[in-house]
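Working notes, structure below.
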Protein chains: 2
Amino acid sequence: MEGEAVVENKRIIFKGYIDGIPKETDMEVKSGGEGVGRSGGEEPLPLLRSLHARAHAPILRLLHPPFPSRLGFGVSRVVDSDHPDFSAGDIVTGITGWEEYSVITRTQQLMRKILRQDDIPLSYYVGLLGMPGFTAYAGFYEVCSPKKGDYLFVSAASGAVGQLVGQLAKLHGCYVVGSAGTNQKVDLLKNKFGFDEAFNYKDEPDLDAALKRYLPKGIDIYFDNVGGSMLDAALLNMRVNGRIAVCGMVSEKSLSNPRGIHNLSNLIYKRVRMQGFLQSDYLHLMPRFLEDVGQLYKQGKIAYVEDMSNGLESAPAALVGLYSGKNVGKQVVCVCPE
Amino acid sequence: MEGEAVVENKRIIFKGYIDGIPKETDMEVKSGGEGVGRSGGEEPLPLLRSLHARAHAPILRLLHPPFPSRLGFGVSRVVDSDHPDFSAGDIVTGITGWEEYSVITRTQQLMRKILRQDDIPLSYYVGLLGMPGFTAYAGFYEVCSPKKGDYLFVSAASGAVGQLVGQLAKLHGCYVVGSAGTNQKVDLLKNKFGFDEAFNYKDEPDLDAALKRYLPKGIDIYFDNVGGSMLDAALLNMRVNGRIAVCGMVSEKSLSNPRGIHNLSNLIYKRVRMQGFLQSDYLHLMPRFLEDVGQLYKQGKIAYVEDMSNGLESAPAALVGLYSGKNVGKQVVCVCPE
């Protein structure tokens with residue numbers, strides 16, 4: 001592929017500033033040939049065909065405002081490439097757009113070739129074996145300092161991160177409790193993922209009381225995917241020398257009404273370590289993660305649930321659904337069936 | 001001393017529940033012989049004469065409600081003792097009452113004999129060389145992971161903890177900025193304790209802007225003695241891989257109106273570690289602390305300022321003064337001049 005390449009493309013764009021929780025009408029599908037070309041003289045860049053894209057909530061907060069229309073994490077197939085590291089037909093993961101075709105601009109940094117394994121669906125590389133799974137893996141082993149017998153609580157437990165955190169913790173010998181927002185998800189946690197206990201936080205007017213009921217001895221590790229009032233309740237229930245891995249702040253994402261945290265003084269009396277982290281700081285562990293978690297999955301020692309929506313046009317509804325907790329398991333958009 | 005010993009005693013008691021910030025009228029001086037006796041058959045306990053007592057704010061929060069009337073940290077002289085470890089005339093520090101005489105009940109755990117040094121006033125053992133100094137020492141070296149060149153910010157910087165944190169950080173090669181609540185204290189920080197910069201937070205309507213002005217490159221270490229809105233502003237200014245040592249939450253102490261924290265999501269993006277701690281977890285370092293800080297003081301490498309009020313009757317006003325920031329340096333009550 002040389003010089004300018006133009007293909008008919010279809011993508012999702014955000015029309016403007018998002019006030020709080022996004023609505024489907026904030027986004028639209030746009031068609032055209034623009035944006036997939038590249039100018040000569042630069043590093044040769046592969047043209048990709050999107051296969052699976054991730055519907056991911058926190059990205060809105062990170063990019064807000066102003067709001068770029070082309071960013072997301074996906075699995076793609078290389079259509080054409082002059083780049084020595086990529087050939088037509090390669091399957092890659094990395095930051096691409098919510099779009100049918102992408103020309104990637106920073107290959108080294110963001111793209112990773114996938115060595116396909118027959119018994120692992122490609123969509124898993126945006127979930128269990130992608131950034132969310134790796135977030136769970138790095139967060140649990142590198143941030144939580146887990147010990148056998150620890151009491152672990154994880155919020156948003158049925159999401160792609162939470163699922164794996166809980167299951168890794170069970171394999172590590174922890175007692176695991178998770179919270180989720182529907183009874184269906186709670187059922188999944190207990191019966192599919194093997195959590196010791198799980199509860200629907202929407203049925204709990206008093207989160208502190210709920211945590212005391214499910215974790216009467218307190219919490220050694222809180223893997224926090226939500227922030228807000230759940231974090232505040234967890235702070236009241238931490239055990240001495242407890243650890244809080246701060247992974248997500250979903251409930252702070254509606255910027256119009258962020259809820260303040262009031263119980264941080266418990267960090268002192270309980271000598272709690274609260275650690276924010278990004279998976280990107282642990283990329284040296286990626287090969288070990290793919291090997292470990294891939295093996296555990298193939299051996300049936302961990303389960304994974306994803307919620308697949310079909311077609312690029314379904315992406316806005318899938319994204320909006322995240323905010324109401326509609327999805328069960330990792331929300332993935334299938335852009336193009338193989 | 002055998003059996004029951006009764007001496008005429010004078011002490012400060014708290015009359016009842018304290019609603020928010022304590023007032024002088026919440027306390028009263030009480031005289032009588034009760035409470036200094038002991039029954040036979042128990043471990044022989046020394047009778048102590050109080051010399052210096054610490055006026056300390058956080059204790060109110062820890063004990064609230066109900067509120068015991070006899071608790072504090074002080075320096076005392078042993079008046080009489082059958083206990084093998086203590087003899088009449090020994091100088092000790094530990095948890096005693098705001099009272100002229102104390103019978104201590106858990107000697108091993110709480111009392112420590114002081115080997116007097118001529119050039120160090122005894123009152124320093126409730127400050128620079130007591131629990132506050134040791135809190136600074138353990139917190140800075142064991143919790144903050146300091147490196148030469150780090151940008152350190154400390155709040156309530158002219159207090160007994162803050163003074164020493166800033167000076168240890170300067171000796172360690174950090175750039176040090178402190179906040180305090182009066183211009184007199186700011187002057188002290190810059191001209192007596194050698195801070196690089198200091199500011200009066202009461203003159204700063206926008207704490208975030210103040211921190212950006214004094215620490216334009218951000219904060220590697222925030223030694224937090226106050227919590228509240230200063231913590232929230234510091235969270236906005238943390239550098240990647242920053243550390244927050246959570247030592248005090250003074251501004252949460254008025255229980256009627258605690259301010260929520262809103263910027264914890266910065267922990268994630270900046271990968272910040274926030275660690276609560278208590279000095280009592282580091283007591284194995286006490287001998288090294290006394291040696292190190294004692295030497296630094298004698299060599300003139302660190303300074304120390306205390307605010308002495310005279311007589312047990314002055315204790316309530318001294319305690320109340322802490323909440324308005326009236327004291328300059330460590331507030332100490334001289335109960336009985338030697």
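Once you divide the Cα radius of gyration of region B:190-290 by 2.2 N^0.38 Å, the number left is 1.18.
Nearest 100 Å² is fine: how much accessible area is buried between B and A, summed over both sides, with a 1.4 Å probe? In total, this chain pair buries about 2400 Å². Note on A:Lys147: aspartates and glutamates with a C-alpha under 13 Å away, same-chain residues under 8 apart excluded, are A:Asp220.
Using only side-chain charges placed at the Cβ, +1 for Lys and Arg and -1 for Asp and Glu, the dipole size of region B:89-161 relative to its Cα centre rounds to 260 debye. Across region B:233-338, Cα-Cα pairs more than 19 Å apart make up 69 percent of the total. Within straight-line reach of B:Lys298, meaning a Cα separation under 20 Å, sit the following lysines at least 8 residues removed in sequence or on another chain: B:Lys170, B:Lys192, B:Lys330.
The same position A:Glu142 in the other copies lies at 2.7 nm from this copy, comparing label points 7 Å beyond Cα toward the beta-carbon, shortest first. Distances between copies at A:Ala303, taken between label points 7 Å from Cα along the C-beta direction, are 6.7 nm in increasing order. Modelled label positions at A:Lys147 and A:Arg116, each set 7 Å beyond Cα in the direction of Cβ, lie 4.7 nm from each other.
Model label points for A:His262 and B:Glu291, set 7 angstrom from Cα along the Cα-to-Cβ axis, are 4.8 nm apart. Distance from the B-onto-A rotation axis is smallest for the Cβ of the chain B residue given, in whole Å, as B:Gly260, 1. Element breakdown for region A:101-252 at a 1.4 angstrom probe: carbon and sulfur atoms account for 49% of the accessible area.
Out of every Cα-Cα pair that region A:90-171 contains, those further apart than 17 angstrom amount to 56 percent. Measuring r between the beta carbons of B:Glu8 and A:Lys212 and using R0 = 51 Å, the FRET efficiency lands at 0.60. Label-to-label distances for B:Leu236 across copies, nearest first, come out at 2.9 nm, using points 7 Å from Cα in the beta-carbon direction.
The values are calculated or read from the model by the stated rules, or taken from the named source; none is laboratory data. These figures come from a predicted structure and were not determined experimentally. With ideal geometry, Cβ positions are generated from the backbone for all residues, glycine too; neighbour counts draw on all protein chains shown. Surface accessibility is based on the protein's heavy atoms, side chains included, excluding ligands, DNA and RNA. Shrake-Rupley method; radii C 1.70, N 1.55, O 1.52, S 1.80 Å.
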